[in-house]
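Readers should treat all values here as calculations from the given coordinates under stated rules, not as data from a laboratory. Computed from a predicted structure; not experimentally measured. Note: ideal-geometry Cβ built from the backbone for every residue, glycine included; neighbour counts use all protein chains shown.
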Amino acid sequence: MRKIMMQSTVEYINKTNPKMLKDLEKGPKFSVGGTEDSGFYYTWDLNNTDTPTRKLLDGRDVVELEEPMTLSVITKCPEKWILQDVETGQIFQGSLDKEIGKQWKEIAVINDKPKK
């Protein structure tokens, strides 16, 4: 499994907790990629085969938890928010519906995988 952080995330960690960043840089197979034009990203290869993962559309593996967790958005304007499932390519927009399960409506699917 690989852990990837964008440059802005790493810069924020460095500002708020530089010791944490130093510890991360000592981690397994740390590397930096990208360009100045596209922005840098930081990668760690974490070879823990006991942890279940899922493959995202961009090829990255991400951790799959044993139990679901709730991610919340607190807002006065739910329709301005967009949510993308980067495993399936589904894109959702926040709705005015307060019922759990109906707060996000699917508005598009972007899937760059070639069709078989």
Notebook entry, point to check: From the phi of every residue in the stretch 99-106, what ³J(HN,Hα) in whole Hz does the Karplus formula 6.51 cos²θ - 1.76 cosθ + 1.60 yield, where θ is phi - 60° and glycine or proline is x?
Noted result: 6, 4, x, 10, 6, 10, 10, 5
Notebook entry, point to check: For E11 and V62, what is the calculated FRET efficiency with R₀ set at 25 Å and r taken between the beta-carbons, to the nearest 0.05?
Noted result: 0.70
Next item on the list: With no solvent and one equal point scatterer per Cα, compute the Debye intensity ratio I(q)/I(0) for the stretch 69-116 at 0.17 Å⁻¹ and report its log10, rounded to two decimals.
Entry: -0.54
